[in-house]
Amino acid sequence: MNQKTWPKTNADVCIRCANCMAVCPVSRVTPLFPGPKHAGPGAERFRKPGDPSVDKWIDLCIGCHLCDLACSSGVPISELNLMAKAKYLDEKGRPLRDWLLTHTYLFSRMASFLSIITNFLLKNRMVKWLADHLLDIDKRRELPAYQSPTFRQWFREHPPKGERKVAYFYGCYINTNEVEVGKAMVQVLEANGFEVFLPPQECCGLPMLGNGDFKGAREMGLKNVPSLLETIRSGTEMIYSSTSCGHMIRHEYNRLLNIPGSEEVAEHLFDLFEFLKNLNEKGDLKVQFIELPIKVAYFAPCHLRSLGIGLPALEILRLIPRLEIENIEADCCGLGGTFGFKREKYEISQEIGKDLKEAIDKLKPDVVLTDCEGCRMQIRHLTGLNVLHPIQILRKALKEPAG
Amino acid sequence: MHYDLIVIGMGLSGLMAAKTAAEMGKKVLIIGKGLGTLSIFSNTIDLLGTIPPTMKMKDGLSQWVHDHPEHPYGKVGLEKIEEALSSFNSFFPPPYTFQSKNDANSLVPTGAGTFRLTYLIPSTMMKGINLKEKKTLIIGFEGYKDFYARRLADLLNCRGITLSLSENPQTEMTAAALARRMEKPSLRDFIGAEVKKEIRDEELIGFPAVLGVNDPMGVRKDIEKKIGASIFEIPGLPPSIPGMRIFNRFKAKLIQKGGNFLSGYSVSKAIPRKNHFEKIEVFHPPVTNSYSADHFILATGRFIGGGLLADRERIVEPLFNLPVSYIGSQEEWFGKSFFAQHSIHGYGILTDASLRPIDENGKPIFENVWVAGTILSGHHCVNEKSREGIEITTGYWAARNAMKL
Amino acid sequence: MNLKTEVLIIGGGATGVGIARDLSLRGIPSLLIEKGDFLSGASGRNHGLFHSGARYVVSDPEAARECITENRILRKIVPHCIEETDGLFVSLPEDDLDFRDRFIQACQEITIPAHLLSRDETLSLEPELHPDLLSSVKVPDGAIDPFELVLGNAKDAEDHGAKFLLHTEITSLLLEGNRIKSVLAKDLVGGDEYSIETSYLINATGAWADHFLKRIGLRIGVALSKGSMLITNQRFTQRVINRCRPPSDGDIIVPNHTVSILGTTSVRSEEVEQFEITPEEITLLIKETSRMIPAIEGCRFIRAYAGIRPLFQSGEKGDDRAISRGFALIDHGKRDGIKNLITITGGKLVTYRLMAEKTSDLLCQKMGVDVSCTTHIKPLPGAEKSSGLKNRLAAIGQEETLCDCELVQKAEVEAVLKEGKLKNLQDILHRTRLAKGTCQGAFCVYRLLGVLHDLGMVKVDSNKVLKGFLEERWKGIRPVLWGSALKEEELIEGIYKGIFNL
C-alpha cells in the first residue's frame, strides 16, 4: 500500500449521502449486494484488526469504480471493497476456477498454437457443461476464441517503418484473441509516421487484482515494470489499447501495489486515443480520413471512466466525415472481467447488461465500439451485434491504407 | 489540452455553465468530484420559497432583488434570472418538463408529510399540488425504507398503504433498484393490479419519487392507465432520482455537444500567473494531468464537495484562494437551535455584478475567474428555498459573461 | 393512584437499579421511581470505561482495590456488557518514568495484573499511538456498555418482583415524626399522580442527592464535577489507552463499539441539570489526547457531551458508613434522626454492584432481615449471548437495517418497541444503537418514525418528535462542527430544512 496516496481518513469523510448507492450497478439489480455505502466505508467502521472476515457478499462488488467517481467526499470505496475482498478470500480460500480465470496468460500461447482444438473445445457443449458443473464457469457464457498466429508473432514478421518510436502494451487478449485490433493499431500509428515497438511484457495482472489476489498481481507488476521502465527511459512513450491494462499499470501498480518504478512508467503511459488526441491538438495527426457513412454507438468502459481522461475516442472519431456517432448512455456493461464468467454471478452480470442492451437497441447502430475487450465480449453476448475497438473504425477510415 | 472554458464543479451551477458555453460553440471542460448535489437535494426547482403562492413570482422576486442587493439574485437582476430559467426550461422539452402553476410558487407535499413552497415542478410531481383538495392514496413499498406511506397518510390526512413486492419481505431495495424496476412492465402490471384492488374513491395516488430514471413520463402514463387514476411523485431522502434525471440529461447533452466531461476527479491545484489563471492540475495518483483555459468558473459548492473548508478559526476556498466573506469563528457561526438561521451559511465568495470574485475594495481579483452557485456569499439557500434558482441563474451568467470576453 | 411499598428507591441510575436487583434477589420487592429514563444521570453520561483500578493505584490504593475486585466479579456476572479490550498506560517522552515504576509496583501490590511493554511491542499492538512513546503497561481495563448493564439489571429485578416507574417525578415528601411516611409523584408524560406510602426510602439520586434531601431540609454536601467527552467517528484503538501519569484531564481514550471516546475533564459545577461542554474543554481534550494518538488532531468528531459526577466531600458532620473515599453511604437515622432514609452517592460505574450490596445490607439491617447478597455470583440473564462488531457486520444484506451507520436491524428495533412501556423517542434510542453512528440519527430516526406509524404506535405529531430529536442531536454536534463534520451537517440541514421544510 502506497501510504502517500492512501490517507487513513476514509471512514471520516463519508457523510452517508448515498450518491454511491445511486450509481452502483450491482445493488441496482440484486439485494444480495448491500451497496457501496455499506460495503465500503460503512463496514470499515466494523472491521476490527484480528477479527475474521465475515464479508461473504463482498465479492459481489464488480470493481467498476463508479462509486468512487460519484462520491462527493473522495472516499476510495472500491479500493476498500477490494481489500476486504482480498482478506475474505485469503481466509476462505480461492477455488481452482478463480485461479484458472486469472491465470489464462499461462496457457494462452499454447491455446493459440493449438487454436483449432482449443476453439473446438471451448465451444463444445459437453466441455462447457463440465466446466459449469465442476468449475462453476457458467455454460451460457461464450468463451473467447483463440487466434493463430498471435499478435506478437504477426508483428515479428511485420517490417518496421516510421521515424519516431512508440511502444505498445498490447495486453493478453489482443495478443491471442483479437489480433486484428493490434494490427489496426499498428497500421494507424505507422500511417502517422510512428514505428511501433513491443517491449517484453506479461499479463498486467488486473484479473488477479480484481479477484483480491494482491500477491499474484504484484508478481505480474514486478515482472512487467523493469522492461517497461527501460523502454520509457530510452525516450519512448508507451501506449495501451485496453483501458483495463491501462488502468492497472497507470494507477493500481502504484496506488495499491506500490511497485517501484511504476510512478515513472505511469507518466509516460497513454491511452491510444489520448495519444492520438494529443497529436491532433499539436496538429501532428497526419492522416486524412475517408467518408464512412455508417452509424456507430460508442460505449465508455468503466476503466476508461476511472482513468479520468475523458472520452478521447469520441473526439477522434468525430474527425471522420459522415460518421454518425452516438455515445451510449449506460454505465457498466456487467461483465466485470472474470465476474460474469462465474456461475453464481452470471445472472447478475446479465441483469446489469440488460440496461446497456436497451440503450443500444434504442440507437440501432451498425457497429458498437468500445475500448475494453471485456465490454466487447459482453456486448456481443448481449446483442449479437458487430463490436469493434474504435481503432478498427479509424483504420477503416484511413485514406491511404497502410500495408 | 487547452479550452475556452473550464468549469470546476459537477453541480447544477457547473452543469448549467458548461451547457451554456457549449451552446455558444465554445470548447468546454467540466471537471468535478462526485455528482454535485442534484442527486442529493434537488427534485423541484426552488427559486425563492419566501414568496407566497398568492403572489406572482415576478413581483415577489422583483421586491427581493430590490431589498437584497448582496444576494446573488440582487447582483444579477430580475431579467437575468428570467433568461437563465428560460434556458433551463427549454433544456427539458415535453414530456418531462418543469412548470410553475400560474407563474407562482406552489405547495408540494414532501416525504416528511410536510409541504414545501417551490417554483418549477417536474411533470411527474405536478399533480401533487392538488393533494389537499383531492382524495389521495399514498403507496409505499415494503423493503424501501426511505418512504413510509402510513406516516405520510397520518400527517397529510389521507390514506396510505404499503405494497409487498417480494417473497422475502426483509429484502431491502434501494431507490435506484426500485426506479429501475419501475421501468419494467412487470412491476407496473403488479402495481396497477394491486392498487386497483385497494383504491376506494381516491382520485390521486402518491408514490415515492422513483418512477424511473430514463423515462419517468412513460412510467407514469403506464401506471395511470393501469390504475385509472392520476399519480404523482413525492420527494424524499437522498438519493434523489428526479435529481439524477436532471444530471443525466446535462451529461448526455454535454457529451453530445463535444464537451469534455470529467466526472470523479478533484482539481488539486490552480496555477496562477499574476492576476490571471493559466491552468489547473488534477492529481490522479500517481500522475498529474493539467488543463489550461482562457476562463475558469468556480462552481464547487459549499462544504459537501469541499468548495469551502473550515476549521475552528477560518473558512477558506482551497482552490483559487479566493477570500471568503466571514466574520468571527466557529463559536459564532452556528445558532443554539438547529432550526436557527446559522450565520455561516451566508458566508461565501464575494463577487461583482458579473460574478467575478472581488477584493475588499470591490475590484475583481482575477481577469479570468468567475464564480457560480451556492459558494457565492449573501444567500441562505436552504432557509429561503432558493438553491436551484441560484445555481441556474449564476451558472448561466457566469458562462455568458466569461465567454463574451 | 395510591401505592404502597416496603422499599422506595429514588433514582434510575446504575446504583438505584442495582439496589432494586440486589433486593429482589433477596426476596425484598421494591418500587423505583425515576424522573427521566434509566441512566439519566452520570450512569448515562460517562466514559464507558471498565476500570481495572490501575488509574487510582498510586493516588488511592483502596479505591483501586475495590475496582479490581469488582472488575473480576462483573466479568463473570455481566460479560455481555463488557468488551474485554485490556488497557495500556502509555508513557510519552515528557512523562516521569519513576511514576511508571511506582505504578507497576502498586498494581502488583494489590494484584492488578500489570505487564511492561516496549515501544515496539506497544506500537505493533496499537499502530495509531504516538511513535515517540517510550513504553506502556498493560492492565485489565475494558469497555463497558452502561445501557446494557442497567437495562439488564432492571429486567432481572423486574423478573424477581421489583417495579419501576419511569418519567415520574417526586413532587413532595411527607414526614411523620422521624420517619418518611409517603411521597407524592407525577408521571411527566401521562399526567397520572401517585401517592406512595413506603416503609423505607433509598435516595440513589447520585448527583441530585442534596437536591432531593433539600425537600426535607437535609444536606450531605455533594460536590458536582462536570466531566466532558468527545466521540470520534472511528475507533482508533482496540484497547483502552491511558496516560501513565498522575490522573489528569484528557488522558483516557476508550474504544466503544465503532468509535473512540476521549475524556475527560473535571470542572466544578453549580448546576446539576444545565451544563454543557465548553470550547476550552474541547481544545484541552484534543490537545491532550492527540499526544497519545496523533491522528486525533485532524479527525472527525461526531458528538460532544458532558456528565455531572457526584463527589462526596467527607469531613462534613457524621460521614460514617463511608466505605472508602470512593462512595458514600449515609444512614440518615444516625446522622439526622430520620430512621428510614438512606442515601447512597458518589462512586464509579464499575463499583455499582458493591454500592448496591452495601446499601442493601444496611437496609436489611434496618429491616431486621437476615438475607445475604447474591449479586456477586448470580449472572444477569443474557450473559451467554455475545454481540460484537463482526456479528453485526455479518448480518448486512440479510435483514432490513434501519440504521445504516450502526447496522441496527428493523427486526431488532421492532422487538424493543413491542416490549412496550416506552414513553418517548429517547427511550427507544437508549435501548438500541440507533443514532449512535456517523450521521447521529439523521436517517434512522426518520425511518424509525415511519416504522412507529406502521405499528400504529404514534399518538402525537411525529414531526414534532422529529424536530425535537433534531434539536437534541444538535446539542451534541454543534460544539464539534468543523472540518468533515460540516459536510455532514450541510447534508442534514439540506434534507430536513430544505427538502422536508421542517
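The values are calculated or read from the model by the stated rules, or taken from the named source; none is laboratory data. Being a predicted model, the structure only gives us computed values, none of them experimental. For neighbour counting, all protein chains shown are included, and Cβ atoms are generated from backbone atoms with ideal geometry for every residue, glycine included.
Couple of notes before you dig in:
- Elements of type strands (runs of 3 or more DSSP E) contained in region C:144-251, each with 1 or more residues being more than 22 Å from C:ALA328 (Cα to Cα) and hydroxyl-bearing (Ser, Thr, Tyr): C:168-176, C:179-187, C:193-203, C:222-232
- Taking region A:225-308 and the strands (runs of 3 or more DSSP E) fully enclosed by it, the elements with 1 or more residues that are within 12 Å of another protein chain (Cβ to nearest Cβ) are at A:269-271, A:295-299.
- Residues of region C:457-475 satisfying the condition of being more than 16 Å from C:PHE500 (Cβ to Cβ), more than 8 Å from chain B (Cβ to nearest Cβ) and without any contact (Cβ under 8 Å) to a residue 40 or more places away in the chain: C:LYS459, C:VAL460
- The set of residues in region B:11-68 being of a type in the set (Lys, Arg) and within 17 Å of the chain's Cα centre (by Cα) consists of B:LYS19, B:LYS33.
- Filter pass, B:LEU211 being touching a strand residue (DSSP E or B) at 6+ places or on another chain (Cβ under 8 Å), in contact (Cβ under 8 Å) with a residue 12 or more places away in the chain, part of a loop (DSSP other than H, G, I, E, B) and surrounded by fewer than 21 Cβ atoms within 10 Å (Cβ to Cβ): no
- For region C:476-488, taking the residues that are facing another protein chain (nearest Cβ under 7 Å) and in a helix (DSSP H, G or I), the one that is nearest to the chain's Cα centre (by Cα) is identified as C:ARG478.
- Within the option set C:LEU502, C:LEU491, being facing chain B (nearest Cβ under 7 Å) and surrounded by fewer than 22 Cβ atoms within 10 Å (Cβ to Cβ) holds for one residue only, C:LEU502.
- Residue list for region C:389-440, filter: under 22 Å from C:GLN238 (Cα atoms) and without any contact (Cβ under 8 Å) to a residue 12 or more places away in the chain: C:LYS390, C:ASN391, C:ALA394
- Where helices (runs of 4 or more DSSP H) sit wholly within region A:85-167, those with at least 3 residues that are polar (S, T, N, Q) and under 26 Å from A:ALA184 (Cβ atoms) occupy A:115-123.
- Among the strands (runs of 3 or more DSSP E) confined to region B:1-53, the ones with at least 1 residues that are at pLDDT below 95 and under 22 Å from B:GLY236 (Cα atoms) are located at B:34-37.
Condition check ((1) among the small types (Gly, Ala, Ser); (2) surrounded by fewer than 21 Cβ atoms within 10 Å (Cβ to Cβ); (3) touching a Leu at 6+ places or on another chain (Cβ under 9 Å)) across all residues:
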{"residue": "A:GLY308", "(1), (2), (3)": "yes, yes, yes"}
{"residue": "A:PRO312", "(1), (2), (3)": "no, no, yes"}
{"residue": "A:LEU319", "(1), (2), (3)": "no, yes, yes"}
{"residue": "A:LEU323", "(1), (2), (3)": "no, yes, yes"}
{"residue": "A:CYS333", "(1), (2), (3)": "no, no, yes"}
{"residue": "A:ALA359", "(1), (2), (3)": "yes, yes, no"}
{"residue": "A:LYS364", "(1), (2), (3)": "no, yes, no"}
{"residue": "A:ASP371", "(1), (2), (3)": "no, no, yes"}
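- Residue that is farthest from the other protein chains (Cβ to nearest Cβ) [pool: residues in region B:1-58 that are among the β-branched types (Val, Ile, Thr) and surrounded by fewer than 21 Cβ atoms within 10 Å (Cβ to Cβ)]: B:THR54
- Scanning region A:11-32 for residues being more than 22 Å from A:PHE46 (Cα to Cα) and in a loop (DSSP other than H, G, I, E, B) gives a total of 1.
- Members of region C:453-481 that are farther than 19 Å from B:SER337 by Cβ and crowded, with 22+ Cβ neighbours inside 10 Å: C:SER462
- Flag for B:LYS221 being surrounded by fewer than 22 Cβ atoms within 10 Å (Cβ to Cβ), more than 11 Å from chain A (Cβ to nearest Cβ) and at pLDDT below 95: no
- Residue in region C:431-445 that is at the interface with chain B (Cβ under 7 Å from one of its Cβ atoms), in contact with a Phe, Trp or Tyr (Cβ under 9 Å, 6 or more places away or on another chain) and at pLDDT 95 or above present: no
- Hits in region A:42-76 (condition: within 14 Å of chain B (Cβ to nearest Cβ), part of a helix (DSSP H, G or I) and either of a type in the set (Phe, Trp, Tyr) or more than 20 Å from A:ASP213 (Cβ to Cβ) (or both)): A:GLY42, A:LEU66, A:CYS67, A:ASP68, A:LEU69, A:ALA70
- Looking at B:VAL282, B:VAL316, just one residue is among the β-branched types (Val, Ile, Thr) and in contact with a Ser or Thr (Cβ under 7 Å, 6 or more places away or on another chain), and that residue is B:VAL282.
- Top-ranked residue of region C:393-428 - restricted to ones that are out of contact with any strand residue (DSSP E or B) (no Cβ under 7 Å at 6 or more places or on another chain), small (Gly, Ala, Ser) and within 12 Å of another protein chain (Cβ to nearest Cβ), ranked as surrounded by the fewest Cβ atoms within 10 Å (Cβ to Cβ): C:ALA411
- B:GLU172 more than 11 Å from B:PRO208 (Cα to Cα), within 12 Å of chain C (Cβ to nearest Cβ) and in a loop (DSSP other than H, G, I, E, B): yes
- Within region B:369-388, the set of residues being part of a helix (DSSP H, G or I) and either surrounded by fewer than 24 Cβ atoms within 10 Å (Cβ to Cβ) or of a type in the set (Gly, Ala, Ser) (or both) comprises B:ASN383, B:GLU384.
- Scanning region B:251-302 for residues that are farther than 13 Å from B:MET10 by Cβ and among the hydroxyl-bearing types (Ser, Thr, Tyr) yields a total of 5.
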